[in-house]
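The values are calculated or read from the model by the stated rules, or taken from the named source; none is laboratory data. Quick caveat: nothing in here was measured; it's all calculated off a predicted structure. Please note: Cβ atoms are built from the backbone with ideal geometry, for glycine as well, and neighbour counts cover all protein chains shown. Just so you know, the surface numbers come from the protein's heavy atoms only, side chains and all, with ligands and any DNA or RNA stripped out. Shrake-Rupley method; radii C 1.70, N 1.55, O 1.52, S 1.80 Å.
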Amino acid sequence: QLHSDQDKGDGSLKYILSGDGAGTLFIIDEKTGDIHATRRIDREEKAFYTLRAQAINRRTLRPVEPESEFVIKIHDINDNEPTFPEEIYTASVPEMSVVGTSVVQVTATDADDPSYGNSARIIYSILQGQPYFSVEPETGIIRTALPNMNRENREQYQVVIQAKDMGGQMGGLSGTTTVNITLTDVNDNPPRFPQSTIHLRIPESSPVGTAIGSVKATDADTGKNAEVEYRIIDGDGTDMFDIVTQKDTQEGIITVRKPLDYETRRLYTLKVEAENTHVDPRFYYLGPFKDTTIVKISVEDVDEPPVFSRSSYLFEVHEDIELGTIIGTVMARDPDSASSPIRFSLDRHTDLDRIFNIHSGNGSIYTSKPLDREISQWHNLSVIAAEINNPKDTTRVPVYVRILDVNDNAPQFAVFYDTFVCENARAGQLIQTISAVDKDDPLGGQKFFFSLAAVNPNFTVQDNEDNTARILTRRNGFSRHEISTYLLPVVISDNDYPIQSSTGTLTIRVCACDSQGNMQSCSAEALLLPAGLSTGALVAILLCIIILLVIVVLFAALKRQRKKEPLILSKEDIRDNIVSYNDEGGGEEDTQAFDIGTLRNPAAIEDKKLRRDIIPETLFVPRRTPSAPDNTDVRDFINQRLKEHDTDPSAPPYDSLATYAYEGNDSIAESLSSLESGTTEGDQNYDYLREWGPRFNKLAEMYGGGESDKDTS
């Protein structure tokens, strides 16, 4: 409120306001000096307004005090929630990281004033992702919370971070964001040979560079962390054989380095080492990152023992063949001229499970037990050929049996799903995304189909056609009090032949959730919590009511302000009132009606009167015009007066029309009543009116009858 010391309370002063928002956002009561806001003010749009106020005399419009300037500063309230620049963040952290390793920093912003209260003081917390990760409340830095997280056990994590203003206190506004964290691989797994001893055979006639066989060590890591280098580190054949690392298959291929002589040496023993090429020093304590195996190579005599048709055999067979099916035949002959019959057998050291057998007479290898590619994709057999006449002279040949995949495994859920549905869920709401895995490896890749075992009134499954499916609700609302857990059988089928399918059951819990869909409680005790509005909701409702009341008061004040009192209330206001005179006039006998002598004598006119409907700003002295001579024509007199009014600055400024007219010098009908007749003493004769025709009969009756005429009039 503005108040002038000169204000006596009599309404003689008027307050005016200028500056930022004056007249639009801020208005002033010109009588009391009260300043009001016309609408809700947003500090985020403008933090302060500079205004100027002044008190002036309402009558003279002159300032009574110098103009004063003041600043209206807008105090902030907490009306903006913290927001993150990204809805979803993607981050990664190496597996096996120590506790407290920084993953990523998320930062939220708040449009409220950070210098006023706690409206912009943001505290971060983690809603999902514990106990694997934590977040620093002040900085928003996400850190690891568990030691030795292994990528080989779990690779992907989803963390939900909440930013809350008011220092995290109750009633503060909040916003959330999702951070998808991937554990990147580190070299924390050494290579391992599946067998401690490997047997290989090679004829003595094999040329230099001939591949004898392969060895392979497995590594649970991926990429460069799984790269292995093979080398021969010991044995009696280090100068006779080489080993070459095949990069694409990560196998070690053993080859002949020098010519072999059966009579000189029949068996070589090699110690082969497999070592990672990229070792992380931080994980030396998990080492050593290498492994060894013994490779025994037998050299065959080409002169006396039988000779196989090939140096090695590779047979491919599907895993679903029937028992006793021949998978391939090895052939051998006696190079001697006697050409003794050959007897074949399997080296059981290479087939400890006795999965295969061989016909001793023709060398046909057949199955004696079922095959399973998922257990072993390769079988390295050793077939022995011996002459019947000399069974001691034998020849060995490696037989590599590759098991081809058939669709004999049904797909299953990829992981165990902990699924929940909110009590306030709506129909069609996504509650879980599922995927499947299959031990089989079809040529065209995996393709899964998802469906329900039976029609379910509560949930449905929607196949995404990318080996995943979405579990959706079919109705609105769930109640833990009625049913706390639902079992949903899901049928998963593959696309290979023959089609395999399995039924997995999802356990869906009914939980209480917040408005964002975040689970709050799934226990039955949560049902006992009293229902009602939170303190923040009540405060918001109260603020809305107060704002509505303020708006009503402001509108009422504006309406009163717009009502202005008229300057004059008199009925004589010539602009707003029409005065009608219905008198006929007195005729010749009315000697007071008008006298043309007044027009010819301006001195007889009263002094110029001021208008009573407005307050004049400047008082002008009426100008005296010279009197027209008595013989001046009336037309010239009227033109002179009209010119004076046109150039007179004190003339009425608006809504006034001064009209002057003159009918002319003469009329052919002559005048019915002379303006000067009032000064004539004698009676006049009006009998000539009867001679003018019927139109003048009334006048003849009025003026032609003497005393009777007077009585009649």
Can you work out which of the residues in region 180-236 that are of a type in the set (S, T, N, Q) and part of a loop (DSSP other than H, G, I, E, B) is farthest from Ile384 (Cα to Cα)?
Asn187
What pairs come up if the first residue lies in region 545-562 and is outside the structural domain of Ile28 (by the TED database), the second is of a type in the set (D, E, K, R) and open to solvent by less than 80 Å² (accessible area, probe 1.4 Å), and their beta carbons are under 8 Å apart, counting only those six or more places apart or on different chains?
Ala557/Asp29; Gln561/Asp29; Gln561/Glu30
Among the residues of region 506-515, are any of a type in the set (Ser, Thr, Tyr), out of contact with any Gly (no Cβ under 9 Å at 6 or more places or on another chain) and within 26 Å of Val455 (Cβ to Cβ)?
yes
Here are some residues: Ser340, Ser298. Which one is hydroxyl-bearing (Ser, Thr, Tyr), modelled with pLDDT of 90 or more, open to solvent by less than 50 Å² (accessible area, probe 1.4 Å) and over 60 Å from the mean Cα position of the chain (by Cα)?
Ser298
Residues that are hydrophobic (A, V, I, L, M, F, W, C) and in contact (Cβ under 8 Å) with a residue 24 or more places away in the chain, at least 3 per element: which strands (runs of 3 or more DSSP E) completely within region 51-126 meet that?
88-94
Do you know which residues across region 199-226 are modelled with pLDDT under 90, farther than 22 Å from Val383 by Cβ and crowded, with 16+ Cβ neighbours inside 10 Å?
Asp219, Asp221, Asn225, Ala226
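Residues are listed down the side, and each one gets a yes or a no for (1) more than 22 Å from Thr277 (Cα to Cα); (2) within 51 Å of the chain's Cα centre (by Cα); (3) outside the structural domain of Thr144 (by the TED database); (4) without any contact (Cβ under 8 Å) to a residue 12 or more places away in the chain:
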residue: Met166; (1), (2), (3), (4): yes, yes, no, no
residue: Glu204; (1), (2), (3), (4): yes, no, yes, no
residue: Ala211; (1), (2), (3), (4): yes, no, yes, no
residue: Thr218; (1), (2), (3), (4): no, yes, yes, no
residue: Asp221; (1), (2), (3), (4): no, yes, yes, no
residue: Ala226; (1), (2), (3), (4): no, yes, yes, no
residue: Glu229; (1), (2), (3), (4): no, yes, yes, no
residue: Ile233; (1), (2), (3), (4): no, no, yes, no
residue: Asp239; (1), (2), (3), (4): yes, no, yes, no
Can Val421 be described as open to solvent by less than 40 Å² (accessible area, probe 1.4 Å) and touching a His at 6+ places or on another chain (Cβ under 9 Å)?
no
Out of curiosity, is Asp248 out of contact with any Asp or Glu (no Cβ under 6 Å at 6 or more places or on another chain), among the acidic types (Asp, Glu) and either assigned to a loop (DSSP other than H, G, I, E, B) or at pLDDT below 90 (or both)?
yes
Please work out which residue is nearest to Asp418 (Cα to Cα), limiting yourself to region 101-141 and to residues that are among the polar types (S, T, N, Q), in contact with a helix residue (DSSP H, G or I) (Cβ under 9 Å, 6 or more places away or on another chain) and open to solvent by less than 50 Å² (accessible area, probe 1.4 Å).
Ser125
Filtering region 1-22 down to residues that are of a type in the set (A, V, I, L, M) and at pLDDT below 75 yields Leu2
Selection from region 267-282 of residues that are farther than 22 Å from Arg231 by Cβ and open to solvent by less than 20 Å² (accessible area, probe 1.4 Å):
none
